[in-house]
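What follows is a set of notes on a single structure, which appears directly below.
The values are calculated or read from the model by the stated rules, or taken from the named source; none is laboratory data. Everything numeric here is computed off the predicted structure, so don't read it as measured data. Every residue, glycine among them, receives a Cβ derived from its backbone with ideal geometry; neighbour counts consider all protein chains shown.
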Amino acid sequence: MTIRRTLLAGAGLGALALCAAPTLAKAPVHHKKAPSASANSALLEQVKALQEQIADLSARLNVQEAAQRETVANVNNAQVAASSAATQAAQAQTAASAAQVAASDASKAATKAVPAAVKTELATFSKGKWWDSTTVSGRMYFNFSNVDTKVNGVKPVGTGSNNGTGFNIKRFYLGVDHTFSPIFAANVTMDVSNVVGQTNSQNFTSTGTPAGTNLPGLVGKGFYIKKAYLQAKLDPAFIVRLGAADLPWVPYVEGQYGYRHIENTIADRTSFATSADWGIHVLGDLAGGLISYQVSVVDGGGYRNVKVSNSVDVEGRVSLNYKGFYAAVGGYSGKLGNDTEGAVTPNTASREDALVGYKNKLFNVGLEYFHAKDYKNVTTVAEDKADGISAFGNVNFNKTWSVFGRYDWIKPTKITNDNTKDGYYNVGIQWEPVKIVDLALVYKHERVQDGTFGTQNGTIGGANPAGSLVGGRGTYDEFGLFGQIRF
């Protein structure tokens, strides 16, 4: 604005000078004479031209001033934008710092989220030599007894006779447990037992006559891997085992029964269940041990018969333990390892289980029931069913002496031969001289009516003298010293 005023003032003074110049140049010093009309006209033309120049200059100055104002405004806007960008950058840096703090807090929260049981184990676990985390255990079932079997009241003779007296080791287990960390562990358990004739493996083919005949060369002691698994204890309520491990039902019932060294539980004794198999096992305790569960997805052939098949079997259990009362339900479904490539398996084996009982320091009573369908008819067109019930109990006189008894009743072939029945019982008295030894004086009796039936004590029963199963019977009696050693 100052420049503009100066220029306009200069232009005005110039115009005045132009107007006065002709008069001053022509007027004599000593004479006074009015200017002529032509001189005035020329002067007016000059003034007009000068006014036009001033107007043009004023217009130019207006344009320059507008451009200057726009430039100043742009500079101011740029300064404001730069200030805003700096503010945003500061805000972004603050947000990044807050994100780092949040990530650190999340990491701390994740660390705190480790299950309490695992965290406790991590705090108490100390590293040491490998043998500090390895334990070796063993268990042996043995008996010295007399066996008396009869068919229709007559003792059999020849190779089919099991009569006589002798010492027998029915089972010997040797186990190794190793703990790698508070979460990971492993177990390997070897099983030594009697082998009579052909093994249970369905992959085995006899060359005898006829095909499938038991081979005498196989009689003796068999060495098996019963358990071999890797365990991940992610939480007491979620434990995973990979490999050969205990199945959900039989080992649980054995724990409640307490006299496995005398006899297998009912479903295991009659081959409607087994105690271990190869597969994936998930188990755990809930509500502080009030409820326990296990689900196993397995090959189905048992721990002695590893199979590769087109399908897998499933066994499960849910159990309750409350102030001495115990109860459980379970089930099984599958092809029992028979669903191999090219095999025909018309039926699917299934079993439903139930157990209820009560125990305290003085006594224990329990009742087990199972119902099986096609458990021994997977590869046949014919179907069959079986029902079994077992009642057991014991009374503890003191810490070292107890009496016990058990009764089993089974209908093994309800469809193919509904007349066949199996009844079994045992009674005895047990002494525990030291914590790792149990010695029992036991009497066992089993009777199969109207047919034959295979159990852990052999095949019992037979046809009547006329050749019909109806009316035929078989008995098994055993008396002797039974016991177990465990470490």
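I need a count of the residues in the stretch 364-390 that are closer than 18 Å to Gly331 by Cβ and of a type in the set (Ser, Thr, Tyr). Residues meeting the conditions: 3. Residue check: Gly288 meets all listed conditions (1) touching a residue at least 40 places away in the same chain (Cβ under 8 Å); (2) over 19 Å from Asp353 (Cβ atoms); (3) of a type outside the set (Lys, Arg); (4) not in a loop (DSSP other than H, G, I, E, B) but one, namely (1).
Identify all residues within the stretch 417-442 that are surrounded by fewer than 22 Cβ atoms within 10 Å (Cβ to Cβ) and either of a type in the set (Val, Ile, Thr) or more than 44 Å from the chain's Cα centre (by Cα) (or both); write none if there are none. Reasoning before the result, please.
So in the stretch 417-442, the residues surrounded by fewer than 22 Cβ atoms within 10 Å (Cβ to Cβ) come out as 417-419, 421, 423, 425-429, 431-437, 439, 441.
Correct list: Asn419, Val427, Ile429, Val434, Ile436, Val437.
Can you tell me which residue among Phe404, Phe482 is assigned by TED's automatic domain parsing to the domain that holds Thr265, within 39 Å of the chain's Cα centre (by Cα) and either small (Gly, Ala, Ser) or under 19 Å from Tyr257 (Cβ atoms) (or both)? Outline the logic, then answer.
Working: Phe482 fails: within 39 Å of the chain's Cα centre (by Cα).
Among Phe404, Phe482, only Phe404 is assigned by TED's automatic domain parsing to the domain that holds Thr265, within 39 Å of the chain's Cα centre (by Cα) and either small (Gly, Ala, Ser) or under 19 Å from Tyr257 (Cβ atoms) (or both).
For the stretch 367-401, the set of residues classified as buried (at least 22 other Cβ atoms within 10 Å of the Cβ) and within 14 Å of Tyr259 (Cα to Cα) consists of Ser390, Phe392, listed by residue number.
Among residues of the stretch 362-374 that are touching a residue at least 12 places away in the same chain (Cβ under 8 Å) and in the same structural domain as Gly330 (by TED's automatic domain parsing), those with a Cβ under 7 angstrom from a residue that is charged (D, E, K, R) and part of a loop (DSSP other than H, G, I, E, B), sequence gap 6+ or separate chain, pair up as Asp374/Glu383; Asp374/Asp384.
Within the stretch 242-257, restricting attention to residues that are in contact with a Phe, Trp or Tyr (Cβ under 8 Å, 6 or more places away or on another chain) and surrounded by fewer than 24 Cβ atoms within 10 Å (Cβ to Cβ), the residue that is nearest to Val356 (Cα to Cα) is Gln256. Considering only the stretch 355-382, state which residues are among the small types (Gly, Ala, Ser) and closer than 24 Å to Glu254 by Cβ. Within the stretch 355-382, Gly357, Gly366, Ala372 qualify. Can you work out which of the residues in the stretch 320-366 that are of a type in the set (Lys, Arg) and part of a strand (DSSP E or B) is surrounded by the most Cβ atoms within 10 Å (Cβ to Cβ)? Here the residue is Arg351. Given the criteria assigned by TED's automatic domain parsing to the domain that holds Tyr141, within 30 Å of Thr135 (Cα to Cα) and either at pLDDT below 95 or of a type in the set (D, E, K, R) (or both), does Lys414 qualify? No: the conditions fail for Lys414.
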